[in-house]
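The structure appears below as structure tokens.
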Amino acid sequence: MSDRHPHDHRPHGHPHDHRPHGSPGPRHRLAHRLAHLLTPHSHETAEKLDPALESSARGMRALWVSLAVLGATALAQAAVVAVSGSVALLGDTVHNAADALTAVPLGIAFVLGRRAATRRFTYGYGRAEDLAGLVIVLTIAASAAFAGWAAVGRLLEPRPVAQVPAVALAALLGFAGNEWVARYRIRVGREIGSAALVADGLHARTDGFTSLAVLLGAGGSALGWHLADPIVGLAITAAIVLVLRDAAREVFRRVLDAVDPALVDRAERAVRAVPGVRGVGELRLRWIGHRLRAELAVVVDGEATLRQAHAIAVEAEHALLHAVPRLTAALVHADPAPAPGEADPHLPLAHHAVA
């Protein structure tokens, strides 16, 4: 016996709103009215935004704001490159432009994530975010390679930096723009559970460090030490590699369905507290985009009726939805408590077990 319907809690008569952030404010209601005009919708949700749709909308907003800020930063730096001829600043400008363009794969992933599940993609398209995260990791790796290549090239052929004050100002602008975008992306990504958006924020932070390298290199060049720029560039390349390691670890864990063990413990505690649950068997959590799904088995009284066992399963699922952040659905299977002399009811499945 299992509870197989995704949530939406209306089939069980639960009037609860499980959104962790409470009722939508005036701005959210305005966004809902606009979405009501521009997208397919259902009147069953009345005045409330679906949490998954709202989180995707926040992700999209974060991407477009980031694209605008970094695009403006890159354009301003390009103007300084044109008058100064700074190769280091040119590299930083290209780096910032590339970072702005990482909004494209994430934007595509968020749009795909809103599509309904199909007979072929029965879990929907949320995993597109994980693919976008891989693209971003590759972009960070390419950025590190480019920064290292530029630093080595300047080390082999040192040259003075012209228009040092303008280059220094552009470098500060690049750092400020990237750090603001990094904080914004990381904050929103963690709030909506998007590893890809967090990785993109870490990427923006590496770009800010690259801008600081340009600033320090220009300062050293102004003092007559032409090797300052390439040496600092190599140090920043090492920093980018460290950030790449952290971002890659987070994204690859998500691709391999890793979850925080504390979430598993929290889910088990919530289910064990449900009346009628005698034990918790196998429990699995997995991310699909920035939303969680759960599968678990609960042990109930072997003499319980089918309706009673189903009611316990529903309450277990209900408890999970309250206890685990960003959980949108759970599949709960009820196992009868073993009786003396009774054969294992799962024995017919034994020969399918993986050795």
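What number of residues within segment 269-310 are crowded, with 17+ Cβ neighbours inside 10 Å and part of a loop (DSSP other than H, G, I, E, B)?
Total satisfying the criteria: 6.
How do the pairs read when you match residues in segment 331-355 that are farther than 24 Å from Val314 by Cβ with residues anywhere that are surrounded by 10 or more Cβ atoms within 10 Å (Cβ to Cβ) and modelled with pLDDT of 80 or more, using Cβ under 6 Å and keeping only pairs 6 or more apart or on different chains?
Pairs that qualify, where the first residue is farther than 24 Å from Val314 by Cβ and the partner is surrounded by 10 or more Cβ atoms within 10 Å (Cβ to Cβ) and modelled with pLDDT of 80 or more, are Ala339/Gly302.
Right, Leu172: hydrophobic (A, V, I, L, M, F, W, C), surrounded by fewer than 17 Cβ atoms within 10 Å (Cβ to Cβ), at pLDDT 85 or above and within 21 Å of Val80 (Cα to Cα) or not?
In short, yes.
Is it true that Thr118 is among the hydroxyl-bearing types (Ser, Thr, Tyr), touching a Gly at 6+ places or on another chain (Cβ under 9 Å), at pLDDT 75 or above and surrounded by 14 or more Cβ atoms within 10 Å (Cβ to Cβ)?
Criteria not met by Thr118.
Scan segment 81-99 for residues that are crowded, with 24+ Cβ neighbours inside 10 Å and at pLDDT 75 or above and jot them down.
Leu89, Asp92, Thr93, Asn96
Of the residues Arg291, Arg307, Arg284, which is among the basic types (Lys, Arg) and modelled with pLDDT under 90?
Just a single option satisfies the conditions, and that option is Arg291.
Looking only at segment 311-355, how many residues end up being modelled with pLDDT of 85 or more, closer than 20 Å to Gly279 by Cβ and part of a helix (DSSP H, G or I)?
Counting residues in segment 311-355 that are modelled with pLDDT of 85 or more, closer than 20 Å to Gly279 by Cβ and part of a helix (DSSP H, G or I) gives 11.
Any chance you could count how many residues in segment 190-217 are aromatic (Phe, Trp, Tyr) and more than 23 Å from Arg159 (Cα to Cα)?
Total satisfying the criteria: 0.
Out of curiosity, is Glu317 surrounded by fewer than 21 Cβ atoms within 10 Å (Cβ to Cβ) and under 22 Å from Gly193 (Cα atoms)?
no
A quick yes/no check of all residues on (1) outside any helix (DSSP H, G or I); (2) in the same structural domain as Ala62 (by TED's automatic domain parsing); (3) not polar (S, T, N, Q):
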residue: Arg159; (1), (2), (3): yes, yes, yes
residue: Val167; (1), (2), (3): no, yes, yes
residue: Asn178; (1), (2), (3): no, yes, no
residue: Val188; (1), (2), (3): no, yes, yes
residue: Leu197; (1), (2), (3): no, yes, yes
residue: Asp207; (1), (2), (3): no, yes, yes
residue: Gly219; (1), (2), (3): no, yes, yes
residue: Gly233; (1), (2), (3): no, yes, yes
residue: Leu244; (1), (2), (3): no, yes, yes
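I'm trying to understand the selection: among the residues of segment 231-247, which are surrounded by fewer than 16 Cβ atoms within 10 Å (Cβ to Cβ) and either in contact with a strand residue (DSSP E or B) (Cβ under 7 Å, 6 or more places away or on another chain) or within 13 Å of Thr210 (Cβ to Cβ) (or both)?
Those that are surrounded by fewer than 16 Cβ atoms within 10 Å (Cβ to Cβ) and either in contact with a strand residue (DSSP E or B) (Cβ under 7 Å, 6 or more places away or on another chain) or within 13 Å of Thr210 (Cβ to Cβ) (or both): Ala235, Ala238.
I'd like to know if segment 145-152 contains one or more residues that are part of a helix (DSSP H, G or I) and more than 23 Å from Ala78 (Cβ to Cβ).
Yes.
Can you tell me which residue in segment 218-230 is nearest to Gly91 (Cα to Cα), limited to those that are surrounded by 17 or more Cβ atoms within 10 Å (Cβ to Cβ) and among the hydrophobic types (A, V, I, L, M, F, W, C)?
Ranking the qualifying residues of segment 218-230, first place goes to Ala218.
All but one of (1) of a type outside the set (A, V, I, L, M); (2) at pLDDT below 85; (3) surrounded by 22 or more Cβ atoms within 10 Å (Cβ to Cβ) hold for Glu250, so report the exception by its number.
So Glu250 meets the others, but not (3).
Can you confirm whether Leu63 is within 21 Å of Glu191 (Cα to Cα) and either assigned by TED's automatic domain parsing to the domain that holds Val214 or part of a helix (DSSP H, G or I) (or both)?
Considered against the rule, which asks whether it is within 21 Å of Glu191 (Cα to Cα) and either assigned by TED's automatic domain parsing to the domain that holds Val214 or part of a helix (DSSP H, G or I) (or both), Leu63 comes out as yes.
Residue check: is Ile140 within 16 Å of Gly59 (Cα to Cα) and assigned to a helix (DSSP H, G or I)?
no
Return the pairs, sorted by first residue and then second, in which the second residue is of a type outside the set (Lys, Arg), the first residue lies in segment 128-142 and is surrounded by fewer than 17 Cβ atoms within 10 Å (Cβ to Cβ), the beta carbons are less than 6 Å apart, and the residues are 6+ apart or on different chains.
Within 6 Å, the pairs are Ala141/Leu244.
The values are calculated or read from the model by the stated rules, or taken from the named source; none is laboratory data. What you are looking at is a predicted structure, and each value in this text was computed from that prediction instead of being measured. Virtual Cβ from ideal backbone geometry, glycine too; neighbours counted across all protein chains shown.
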